[in-house]
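J.: Quick one: this structure, given as structure tokens, is what I'll be asking you about.
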Amino acid sequence: MEATRSATEDRGHRRAWRTRSAPATAALELILERGLAAAAVEAIAERADVTRRTFSRHFTGKEDAALAFVRLDGVRI
């Protein structure tokens, strides 16, 4: 039972990480391509293949998402 719970939790953490990582990466890419003012949250969500609502659950705005990319990079390292 303990191993099953651990595997399920690990899967959940990986899924949450992917859900948070994709918009963070998309935000940084779009900001670098278009500039901060021209990178709309809707465009970031679309590129990350998440809904606007999902984006808003994880980030307060496009700036927060771009900075999260840097924070997530530290986790990856």
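None of the figures in this text is laboratory data; all of them are computed from the coordinates on show. Small disclaimer: the values here were computed from a predicted structure and weren't measured. Every residue, glycine as well, gets a Cβ built from its backbone with ideal geometry; the counts of neighbours run over all protein chains shown.
J.: Full-extension gain between ARG53 and GLU33, please, as 0.36 nm times their residue separation minus the C-alpha to C-alpha distance. Mind showing how you got there, number by number?
T.: Values: separation 20, 0.36 × 20 = 7.20 nm, distance 2.35 nm.
The ARG53-GLU33 span can extend by a further 4.9 nm.
J.: Separate question: By counting other Cβ atoms within 10 Å of each Cβ, how are THR51, THR60, THR25 ranked from fewest to most? Working shown, then result.
T.: Values: THR51 12, THR60 8, THR25 19.
So the ranking, lowest neighbour count to highest, is THR60, THR51, THR25.
J.: Assign unit charges at the C-beta atoms only (+1 for Lys and Arg, -1 for Asp and Glu), then state the dipole size of the stretch 2-76 relative to its Cα centre in Debye, rounded to the nearest 20. All intermediate terms of the calculation are to be shown ahead of the outcome.
T.: Numbers: 14 positive and 11 negative charges, 42 e Å.
My answer is approximately 200 debye.
J.: Another question, then. Fewest to most neighbouring Cβ within 10 Å: what's the order for ILE44, ILE31? Walk me through the intermediate numbers first.
T.: Working: ILE44 27, ILE31 19.
Ascending Cβ contact count within 10 Å gives the list ILE31, ILE44.
J.: Ok, one more. Compare the Cα positions of TRP17, ALA27, ALA37 along the charge dipole of the stretch 2-76 (+1 at Cβ of Lys, Arg; -1 at Cβ of Asp, Glu; about the Cα centre) and return the one farthest towards the positive end.
T.: Positive-end residue among those listed: TRP17.
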